[in-house]
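Reviewing the structure listed below.
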Amino acid sequence: MTLRITYLYPHHMNLYGDTGNILCIQKRCQWRSIDVKITLINPNDSLKPGNTDLYFFGGGQDAQQEFVAHDLQQHQQSIKTDLENGVPALTICGGYQLFGHRFVTKDGHIIPGIGVFDIETHGSDHRMIGNIQVEMNPELSSKVHNAYNQQNLAKPNQATSTLVGFENHSGETKILSGKTVGHTTTGYGNDYTSGQEGYQYKNAFGTYMHGSLLPKNPHFADYLISKAIEHQTGQPTMLPAIDDQLEWRAHQSRLKR
Amino acid sequence: MTFTTSLTIAFSKIIQQIVRTLGSGGGSALPGLVAQKLHPNILTDLRKSITGEIVCISGTNGKTSTANHVATTLRQSGKQILHNKNGSNLERGIISAFISQANWRGAIPPIQTAIFECDEAALTTIVPKLQPTLLILTNLFRDQLDRYGEIETTRNRWESILANVSSPLKLIYNASDPQLHALATKLTNSQISVEPLMLTNLHPSPEHHTELNPLTNIHCPRCNTILTFTDEIIIGQGTYACHNCKFSNKNLNATLLPSITYKAINNMLAKATLQSLGIDPLQTEIPTEVFGRGELLQVGQQQWNIVLIKNPNGAYQAIKESLLHTQDAVIFALNDNYADGTDVSWIWDIPLEELLPHDIPYYTTGTRKLDISLRLKYFNLPTDEIDSWDQLQNTAHHNLIIFATYTALLDLQQWLAKKGYKQAYWK
């Protein structure tokens, strides 16, 4: 089978090492003999629903975020249709913000999003920069744990409820309705005070976590991949076992007790 | 100089001597910081010690090499200069350089020429106080986003300080870099004379890169359309045009690069600087003994090649050029201390797929060795982790290359000094 990834605005929204998530997904699929086809969507490209098994959208500079926001509007319907049909998505920082309704700068200037996430973001004076650790919500944590091949773990029932990464943003994202990914035990997350990070809608996720996110969070990587396969085949899937010792050592090394 | 300045300098000089005697570093930052705290605008006064040109060299990569080349050539030609040789390039580093020249009464003798390497963010406070006569900009790439913020933020800040320059300044800049060309072509301050340095290959070659390479497909700084490069000298730089708004450097007179390396580019910038200072640069060789920039050292029976890496563009170029030579083993030393940048996400933006051979062993070390091991794993390269430099000596390899971030490099230099393989870098 060939997994179809749609990578939104790779040349404009690729400032923070987020391309590493694509590399991670590609390799983890390759190691399981799953082919991956990556379609790049750049300004003025067309995007039709039904051709994507996984969306990816990274972070970038303010000027480029505004630039792609306008082009993104034409894809609103396609992306919305796909997300409603359960297509998984990973959107990070600026990409996450644009999946919401809008980004309002400190001067009141409005950058339109596509509103597939019921969130909006406001520019602030708070610089939320640093290592971030998230405890996933129990429901999500359970789904991720169950989708992950237990043979990959160093010991049975090893804790896999955490996510580790690095955040760098001053935008504060307000959740209007829906669920977050989890609460922060280190760092800020969506805003300066709530202690909540990220957003989830069906199989689509938004987060402020760079790192890149997926390499040190192999359980989340496999969760997204399995959801992508499930979307294509219609069947839940358990990915074959893989040696994730290094991934978990790296993950553990970032955990603050 | 005012009495306050002399007193502050005298006091800071004592601090500098204490630091050096304790052996805890070269006294190239702390004394300056102390002076700065006591007398925040001290640099405005200190600049009066310079009788001739004040040169500032800044940019993401290449500052130290370019500044070193200029300073060494000037010294060889008999000029008396002041130079922040050890790369301490914040305002405190520049002040510390002045302190080094002071006597115990805090007086600084007149100095002919000053060559200062300046940190890209610190340039915004340094330029108004130091009032350089010559400013060299090497390039502007993404680097330490946790510290510096976005590239365009830095560029905007530079535009702003240059708009406010009130004494004659010559700007020499690398026009192969779209960000710098966008900055330079927007300047209207009549105090500034602009000299673009435009570099090309002998045979124009638009290099081809892997599809997901995040360092190519560069957007136009004016309108965000992806630029078309007809010639790439190093990744992210060359001859380009925007088919949408016509922003381009094609019309500039170009200088041919003798080799496509970042050192050759730094060399050209250094030569242009020297020419502006009235020195006809006969030397085309880059002086050796540059702190951590491709230093080759004999370590016991082994030869260690030591290369500083800081950001994806610089790392890509450094790795590409270094692996042209035969290496028996490659070591990556990745730290995440403040000076290295605390966010190591950038390692995922180095397009290693285009560079690293699969037939040699890889080692990793540093506070974030697991991250770099993971990065290499995702390129199908297994790694061995090491905890100390001693372990490298116990291997059978003859030629080792070490790519290290800044504080890992300092750590390595201290180890080398302790073992007697190299003088302490501040001596």
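The values are calculated or read from the model by the stated rules, or taken from the named source; none is laboratory data. Quick caveat, the model's predicted, so the values are computed rather than measured. Glycine also receives a Cβ, built like all others from the backbone with ideal geometry; neighbour counts cover every protein chain displayed. Ligands, DNA and RNA are excluded from the accessible area calculation, which covers all protein heavy atoms including side chains. Shrake-Rupley method; radii C 1.70, N 1.55, O 1.52, S 1.80 Å.
Shown here is the pair-distance distribution of segment A:100-172: with all Cα-Cα distances grouped in 5 Å bins from zero up to the longest one, the shares run 3, 13, 15, 14, 16, 14, 10, 8, 4, 2, 0 percent. Taking every residue in B:208-216 and counting other chain Cβ atoms within 10 Å of its Cβ, the average works out to 3. From largest to smallest, the equivalent ellipsoid semi-axes obtained for segment A:30-122 from the alpha-carbon gyration tensor read 25, 14, 13 Å. Restricting the trypsin sites (Lys or Arg not before Pro) of segment B:1-107 to loop positions (DSSP other than H, G, I, E, B) with no more than 12 neighbouring Cβ atoms within 10 Å leaves B:Arg105.
Each pair of Cα atoms in segment B:85-216 enters the Kirkwood radius, and Stokes-Einstein at 20 °C and 1.002 mPa s then converts it into a translational diffusion coefficient of 126 µm²/s.
Over all other residues within a Cβ to Cβ distance under 15 Å of B:Ala254, the charged ones net out to -2, with Lys and Arg as +1 and Asp and Glu as -1.
Here the sum of -39500 (n - 2.57) over DSSP H runs of 4 or more residues, divided by the residues of chain A, equals -8500 deg cm²/dmol at 222 nm, to the nearest 500. Burial annotation for segment A:212-257: residues with an accessible-area loss of at least 30 Å² between the isolated chain and the complete set of protein chains, computed on heavy atoms with a 1.4 Å probe, are A:Pro215, A:Lys216, A:Leu246, A:Glu247, A:Arg249, A:Ala250, A:Arg254. Other residues within the sphere of radius under 12 Å centred on the Cβ of B:His397, judged by their own Cβ, net out at -2 (K and R +1, D and E -1). Between B:Leu82 and B:Thr113, B:Ala114, B:Ile115, the built amide H atoms are under 5 Å apart, and every one of these is 5 or more places off in sequence or on another chain. Straight-line cross-link reach from B:Lys419 at under 22 Å between alpha-carbon atoms covers these lysines, not counting any fewer than eight positions away in the same chain: B:Lys427. Rolling a 1.4 Å probe over the protein heavy atoms of chain B, with every protein chain left in place, gives an accessible area that is 52 percent carbon and sulfur. Counting protein heavy atoms only, chain A has 47 percent of its accessible area on carbon and sulfur, 1.4 angstrom probe. Under the membrane-span-like helix rule (DSSP H runs whose alpha carbons stretch at least 24 Å along the helix axis, mean Kyte-Doolittle hydropathy -1.0 or higher), chain A yields none. Residues of segment A:31-64 buried by at least 10 Å² of accessible area upon assembly of all protein chains, compared with the chain on its own (1.4 Å probe): A:Trp31, A:Ile38, A:Leu40, A:Gln61, A:Asp62, A:Ala63, A:Gln64.
Using only C-alpha positions, report the orientation-averaged shadow area of the convex hull of segment B:364-427, nm², one decimal.
5.0
The lysines within cross-link reach of A:Lys174, meaning a Cα-to-Cα straight distance under 29 Å and a gap of 8 or more places when in the same chain, are A:Lys80, A:Lys106, A:Lys143, A:Lys202, A:Lys216, A:Lys227, A:Lys256.
Here's the list of aspartates and glutamates a cross-link from B:Lys37 could span, going by alpha-carbon distance under 13 Å and ignoring same-chain residues fewer than 8 apart: B:Glu91. Over all other residues within a Cβ to Cβ distance under 11 Å of B:Ser373, the charged ones net out to +1, with Lys and Arg as +1 and Asp and Glu as -1.
How about segment A:21-52: which trypsin sites (Lys or Arg not before Pro) there are in a DSSP loop, with at most 15 other Cβ atoms within 10 Å of their Cβ? Here the trypsin sites (Lys or Arg not before Pro) that fit, given the DSSP loop and packing criteria, are A:Arg32.
Within segment A:1-21, the residues that become at least 30 Å² less accessible when every protein chain is included than when their own chain is isolated (1.4 Å probe; DNA, RNA and ligands ignored) are A:His11, A:His12, A:Asn14, A:Leu15, A:Tyr16, A:Gly17, A:Thr19. All Cα-Cα separations within segment A:78-124 were binned at 5 Å from zero, giving a P(r) of 6, 22, 28, 23, 10, 6, 4, 0, each value a whole percent of the pairs. Only protein heavy atoms count here, probed at 1.4 Å, and on that basis chains B and A bury about 3400 Å² of accessible area in total. Within segment B:45-154, the chymotrypsin sites (Phe, Trp or Tyr not before Pro) that combine a DSSP coil assignment with at most 11 other C-beta atoms in a 10 angstrom radius are B:Trp104. Computed with a 1.4 Å probe over protein heavy atoms only, the accessible surface of the protein assembly as shown comes to 38 Å² per residue. Where does the longest stretch of chain B lie that holds no GluC sites (Glu not before Pro) found in a DSSP loop with 14 or fewer other Cβ atoms within 10 Å? Segment B:1-210 is the longest.
Compactness check for the protein assembly as shown: Cα Rg over 2.2 N^0.38 Å is 0.99.
For chain B, the average shadow cast by the Cα convex hull is 20.3 nm², which is a quarter of the hull's surface.
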